[in-house]
1. How many residues does segment 154-212 contain that are in a strand (DSSP E or B), aliphatic (A, V, I, L, M) and buried (at least 18 other Cβ atoms within 10 Å of the Cβ)?
2. Looking at segment 256-351, what strands (runs of 3 or more DSSP E) fall wholly within it and have at least 3 residues that are under 36 Å from the mean Cα position of the chain (by Cα)?
3. For segment 107-137, which positions are at pLDDT 75 or above and either among the basic types (Lys, Arg) or part of a strand (DSSP E or B) (or both)?
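The values are calculated or read from the model by the stated rules, or taken from the named source; none is laboratory data. Just so it is clear, the model here is predicted, and its values are computed rather than measured. Glycine also receives a Cβ, built like all others from the backbone with ideal geometry; neighbour counts cover every protein chain displayed.
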Amino acid sequence: MYLYDKQKNTREEYRLLSSMNGIVLEHTETKEIMINPEGEIILPKLPGGLLVRPALVWKVKPGPVKDMTVSYLTKGISWGANYVMELTDEGFQLAGWVKIDNHSGATYQDAQIKVIAGEVNRIEDNWRIEEDDMILYTNTEKASPEFTEKSFADYHLYKLERLATLKNNQTKQINFLQVEKANLKRYFECTKWSEDVKILIEFENSQENRLSLPLPKGKVKVYQKDSEDSSLEFIGEDSISHTSKNEKVKLQLGTAFDIKCTHIEKNSYRKGRYEYKEHKYIIRNHKEEALIRISHYIHEPNWEIIESSYQYTKASSSEVVFWFYAEPDSFEKVTFTYRVDRGLHVKVEKE
């Protein structure tokens, strides 16, 4: 490399020793060492064949003109799905967006874009955490979705029905889902682990519910309109996994301010070979009527409920569920007793 002195109009050759925490040069003739020298640094031209931009180079033997299709993998391009949901009196509106990040070092002009939803296995050397908190997603524009979907291998493929340009270091959002007047169920879930009550919404990803696409995994931001000034207010967010058609989607928005839940194990005693346990839930509802779901887990084997103040369903071998409506400004009590068979059972097989 060369160091050019404008005042003296001289150019001298140096060797670069270091560029960490300052430039260190060595004069090629005098071996003099200079630190952060004044003047303009002139670099030599690049060696032949050295490319400064990402590129693919082929050596092809001369021959007749032919079209060639090339497929290759590149890092630096990623995509994800993000959703915006607005709760309404009729149900909800939902907009889905494909977010494509291009940090590959190249611009793709008028590209045909396809994205695959599913867990496609690749061995990665490094993990990169994507942040999208600074990106605003809006569903104010009621544009038609621009993607078509089809099953492909064991995944789902979404194809953009127009050409698009992906610039280097650009994040592009494209709408792929627009749903209006879909139905949902909103309820509040209590457990024995906390007084806080979860706010949950649930809906069917079905054609009958105006949804007809498999939903790629992604983050869902939920808004509700303030009736006084018609502004949209953010009320919570959650993430969904890859969701096929006719599957349920459940979102947890947060914890309720005006509903609290207290769990009490009232009694536990042994009688014969059975152990009996009595439980009570107290729901304090300080708002309008609310749909409540109590999820109580029983970890002992061989149990059965013998008494209950509310109807229940046995969701699994270890979970019992109560559904009911809590009246406005009310205290609701749910009590139940179950017994566990602690007897020793021996099975003898005859020869």
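1. Counting residues in segment 154-212 that are in a strand (DSSP E or B), aliphatic (A, V, I, L, M) and buried (at least 18 other Cβ atoms within 10 Å of the Cβ) gives 10.
2. Strands (runs of 3 or more DSSP E) meeting the threshold: 274-285, 290-297, 313-316, 319-326.
3. Across segment 107-137, the qualifying residues are Tyr108, Gln109, Asp110, Ala111, Lys114, Val115, Ile116, Ala117.
Okay, residues lined up against (1) touching a residue at least 60 places away in the same chain (Cβ under 8 Å); (2) closer than 28 Å to Glu202 by Cα:
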| site | (1), (2) |
| --- | --- |
| Arg270 | yes, no |
| Tyr274 | yes, no |
| Glu289 | no, yes |
| His299 | no, yes |
| Ile306 | no, no |
| Lys314 | no, yes |
| Glu332 | no, yes |
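To keep it simple, each residue is scored yes or no on (1) part of a loop (DSSP other than H, G, I, E, B); (2) within 30 Å of Pro214 (Cα to Cα).
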site	(1), (2)
Glu26	no, no
Lys31	yes, no
Asn82	no, yes
Met85	no, yes
Leu94	no, yes
Gly105	yes, no
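Table: residues versus (1) within 24 Å of Lys198 (Cβ to Cβ); (2) modelled with pLDDT of 95 or more; (3) of a type in the set (A, V, I, L, M).
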| site | (1), (2), (3) |
| --- | --- |
| Gly272 | no, no, no |
| Glu278 | no, yes, no |
| Arg284 | yes, yes, no |
| His299 | yes, no, no |
| Tyr312 | yes, yes, no |
| Ala315 | yes, no, yes |
| Val321 | yes, yes, yes |
| His345 | no, no, no |
| Glu349 | no, no, no |
